[in-house]
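Engineer: One structure follows; several queries about it will come next.
The values are calculated or read from the model by the stated rules, or taken from the named source; none is laboratory data. Given the structure is predicted, the values throughout are model-derived calculations rather than measurements. With ideal geometry, Cβ positions are generated from the backbone for all residues, glycine too; neighbour counts draw on all protein chains shown. Note: areas computed on protein heavy atoms with side chains; ligands, DNA, RNA excluded. Shrake-Rupley method; radii C 1.70, N 1.55, O 1.52, S 1.80 Å.
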Amino acid sequence: MVPPRSLRSLPPKGAQASLGRPGARPGAKLLAPAGSLEMAHAAVDEGADIIYVGPLGFSRRPYESEMSDDAIREAAAYARSRGAELRVVLNTFPTPYDFGRFVDKALRYAADGASGFIVTDVGLLRALRREIPDTVLHVSIGSGISNLADAAFYRDAGADVIILPYRWDVAEIEAVRRASDIGLETFLFETVQTGKLCPGKCIMSSYLRFRDWKEVEGNRDFHGSANRGAKECYRVCQANWEFGAVGSDPVEIKLRRDARLMLAQLPAFVAAGVSCFKLSGRERPVGMIRDLVRFYRRAIDEVAAGAADLGHHTAELAELRVRWVREKAKRVDTLMDRAASYVS
Amino acid sequence: MFELSTDVGNLKELREGDFSAYDAIYLGDFSCPEYPNNFSSHAELLAAGLEHVHARGQKAYLRLYAVPGNDDLAWVGDVIDTALALPFDAIEVHNLGVLRMLRERGCTAPIHLGVFGNLYTHETAKVLKDHGVTRVYPNPELSLDEVRYIAEHADIEVLVPVHGKIPLVISETCFILEHSEEGAEGACGEGSCSYQCTQEHWLKRGRDDGSRADWSLKDTGRMTLSGKDLCMVEHGERLAGMGLKHFYVHNKGEAPGYAAAVGRIYRDALERAFAGEAAGDFAPALDTLASLAREGLCNGYYFEGAGQRYIGRS
């Protein structure tokens, strides 16, 4: 079996892992979505260093984009056989009653070949560090990290990697690099600093509506919300709302601007200390993820080889951005219509 | 017996309002450092606010800014340094990095975790206790039974909001300013704020033909609140019976007089409940509370459902 490629520039908090395993690609790692077995295979085949999967009801996605335990085991085996790794997303917040089940599931996935976890709850982070000392723990975007003191807190709490806010520039990445030796991960997105913070500081969706998983998952004994694994976030912030002061004419508005795929920042981000780039999109078509992984694999390899300018990819990036936005628009309308149709 | 608290943003509101129904006051607006003379961002006003509250026999808790970016850490640190030299009864944080800063600076005062601290489990509460946290505000999505579970299994105080609009989402920038004419010319926090948040702003999504749900949210600029007012006045007996003791009324964004009217009603209802007296007729209290709530009343998530429903005592 080919040794796994490793994300890490750091050893796990509780273990003395080697820095860069034999056979690993140099440079920053590409973390790609696997919303299905087919997507897992496509992402690995196109060169993802790490794929991430969500167990049914535990990862903030509709069930169509999550996987059964059997499928996760199969995806882990496929990844390992080709030198890649698999992370399991456990980034919903447990209910207090359900806490032990999260730990039990993590132990099972670790035994099945998962090399790490993406988590949100600080208590779960500590429990997994204790129970699975040599695993790699990523702090999910759902934790709402906003500054370098957060990074230091999570390093103390046992995390290996934090995901940085979309909005951060090179200077901020360099600042957090100086403040903590925690691994740094960024989404392959760029955005402007306006609008509502999401996720991590938002419960708008569940205030309006939510539906539990019970009919799909059997007998989970919790009550929902997207943050806790109910069927979905309705993307309230991306729908149109009427907004205005009392007594004035309202304007039609979205609550935040969409992020868009990024590229030009990659060389500077790597130089500043980013060790992992995350592509989101477990709910996207497999063909789109295949093309995106291939695209970013090339770009990251070029950066590792010393490229400082990725301008020659501009046309291809523009095309991918159009595909990304077109697909997303369809999904937002569907989600809000679905929410409106539910009985609260 | 129990503690009833609310929040006040600045010295002017503190001096002009009637907060006599409350045992404790959270000083400051954690959502917006630009809010006029906000205790959370004006270290020079802390001593006066604290003195005013203590002079009335109430406890004073200082709220720190909830979502500091890297550029905010220096001034937040200055506020902390001033606060630690004063006899605040507790300091409230929402951000775990700021919690770490408090400990680094030798904070010995009790620390409260605020609503945006993402507290969902007793295990997280235990981690935070190790950092000096003595009271947590569980995420509003939790049911009353879950809140009690956390209190018992982490052996920690829990703050239980009983009335007011539920904080749903917070921003690092001002939504009102961004969508105003001034916002197009200057970024929030760069001297361009004209405090348009003094006018009520609402987000609505609804159609008279019934093709969409009729939804409303209140927006205070950097924070969006539930359209409806959480209301637990009919459930005091249940709260007392569950062993919960620390209750809170959300005042942010409300008109002068709101905290006084609501506080009087809850002071009476909770005293009766904790004394084991018959609850009496809730209709007059509900009429008053409904008259203060433009979009009506709800129970939030306390009874295990989405946040907008209202369930009466029966």
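Engineer: Calculate, for region A:249-306, the solvent-accessible area per residue in square angstrom, rolling a 1.4 angstrom probe over the heavy atoms of the protein chains. Could you put the intermediate results ahead of the total?
Structural biologist: On the way: 2230 Å² over 58 residues.
Here the per-residue accessible area is 38 Å².
Engineer: Pop out the Kirkwood hydrodynamic radius of region B:1-140 from its pairwise C-alpha distances, inverse of mean 1/r, in Å to one decimal. Don't skip to the end; give the middle numbers.
Structural biologist: On the way: mean 1/r = 0.0665 Å⁻¹.
One over the average 1/r among Cα pairs gives 15.0 Å for region B:1-140.
Engineer: Turning to a different aspect of this structure: Per residue, what volume in Å³ does the Cα convex hull of chain B take up? Each step should come with its number before you reach the end.
Structural biologist: Details: hull volume 44.1 nm³, N = 314.
Taking only Cα atoms, chain B has a hull volume of 140 Å³ per residue.
Engineer: Right, next: Could you name the aspartates and glutamates whose alpha carbon sits less than 12 Å from that of A:K328, not counting residues in the same chain fewer than 8 places away?
Structural biologist: Cα-Cα hits under 12 Å: A:D258, A:E283.
Engineer: So, one more: Which residues' amide hydrogens lie under 5 Å from the amide hydrogen of A:T120, considering only partners 5 or more residues apart or on another chain, with H built in the peptide plane?
Structural biologist: Placed amide hydrogens put A:S140 under 5 Å from A:T120.
Engineer: Find the relative contact order for chain B and round it to a whole percent, using C-alpha pairs within less than 8 Å whose residues are 6+ positions apart.
Structural biologist: Relative CO of chain B lands at 18 percent.
Engineer: Applying 1/(1 + (r/R0)^6) with R0 = 25 Å to the Cβ-Cβ distance of B:R264 and B:I311, what FRET efficiency is obtained, to the nearest 0.05?
Structural biologist: Working: r = 24 Å, r/R0 = 0.94.
Efficiency, rounded to the nearest 0.05: 0.60.
Engineer: Which of the pairs A:K201/A:K278; A:K254/B:K12; A:K105/A:K201; A:K201/B:K218; B:K59/B:K252; B:K59/B:K218 have their Cα atoms more than 23 Å apart in this structure? Walk me through the intermediate numbers first.
Structural biologist: Working: A:K201/A:K278 21 Å; A:K254/B:K12 34 Å; A:K105/A:K201 26 Å; A:K201/B:K218 16 Å; B:K59/B:K252 19 Å; B:K59/B:K218 29 Å.
Distance filter (> 23 Å) returns A:K254/B:K12; A:K105/A:K201; B:K59/B:K218.
Engineer: Check B:N251: other-chain or 5+ apart residues with amide H under 5 Å from its amide H, H built from backbone geometry?
Structural biologist: B:D7
Engineer: Right, another one. In whole Hz, with x marking every Gly and Pro, tabulate ³J(HN,Hα) for region B:235-246 from phi via Karplus 6.51 cos²θ - 1.76 cosθ + 1.60, θ = phi - 60°.
Structural biologist: These are the phi-based 3J(HN,Hα) values: 10, x, 4, 5, 4, 5, x, 7, x, 7, 9, 10 Hz.
Engineer: What is the diffusion coefficient of the protein assembly as shown in µm²/s, taking the Kirkwood radius over Cα pairs and the Stokes-Einstein relation at 10 °C with a viscosity of 1.306 mPa s?
Structural biologist: The diffusion coefficient I find is 62 µm²/s.
Engineer: Need the C-alpha centroid separation for region A:31-70 versus region B:144-166, integer Å.
Structural biologist: After rounding, the separation between the Cα centres reads 35 Å.
Engineer: Percent antiparallel among DSSP beta bridges with both residues in the protein assembly as shown, to the nearest 5?
Structural biologist: If we restrict to bridges inside the protein assembly as shown, about 30 percent are antiparallel.
Engineer: On to the next question. So what J values fall out for region A:246-252 if you push phi through Karplus, 6.51 cos²θ - 1.76 cosθ + 1.60 with θ = phi - 60°, rounded to Hz, Gly and Pro as x?
Structural biologist: Going residue by residue, I get 4, x, 10, 6, x, 10, 8 Hz, with x marking Gly and Pro.
Engineer: Continuing with this model, one more query. What does the convex hull of the Cα atoms of region B:194-314 come to per residue, in Å³, rounded to a whole number? Write out the running numbers ahead of the final one.
Structural biologist: Details: hull volume 16.8 nm³, N = 121.
Hull volume over Cα atoms, normalised by residue count, gives 139 Å³.
Engineer: Suppose a student asked you for the relative contact order of region A:28-183, using Cα pairs under 8 Å spaced at least 6 residues apart; what percent would you report? Present the calculation step by step, with values, prior to reporting the outcome.
Structural biologist: On the way: 268 pairs, mean separation 24.2, N = 156.
The value is 16 percent.
Engineer: Need the per-residue list for region A:114-130: every residue with at least 20 Å² less accessible surface in the complex of protein chains than in the chain by itself, probe 1.4 Å, sorted by number.
Structural biologist: A:D121, A:V122, A:G123, A:R126
Engineer: Right, next: Checking an interface number: how much accessible area is buried between A and B, summed over both chains, with a 1.4 Å probe, in Å² rounded to 100?
Structural biologist: Working: alone 15190 and 14570 Å², together 23880 Å².
Using a 1.4 Å probe, the pair buries roughly 5900 Å².
Engineer: Another one. Counting other Cβ atoms within 10 Å, keep those with at most 15, restrict to DSSP loop, and tell me which trypsin sites (Lys or Arg not before Pro) in region B:40-104 are left. Provide the component values of the computation, followed by the final result.
Structural biologist: On the way: sites: B:R56, B:K59, B:R63, B:R100, B:R103; in loops: B:R56.
Those satisfying the criteria are B:R56.
Engineer: So, with a 1.4 angstrom probe, what is the percent of accessible area on chain B that is carbon and sulfur? Please report the intermediate quantities before stating the final value.
Structural biologist: Working: 5230 of 11680 Å².
Heavy-atom surface of chain B belonging to carbon and sulfur, 1.4 Å probe: 45 percent.
Engineer: As an exercise, find the ratio Rg/Rh for region B:99-144 from alpha-carbon atoms, using the Kirkwood inverse-distance average for Rh.
Structural biologist: On the way: Rg = 10.9 Å, Rh = 11.0 Å.
So for region B:99-144, dividing Rg by the Kirkwood Rh gives 0.99.
Engineer: Check B:R222: other-chain or 5+ apart residues with amide H under 5 Å from its amide H, H built from backbone geometry?
Structural biologist: HN-HN under 5 Å from B:R222: B:F175.
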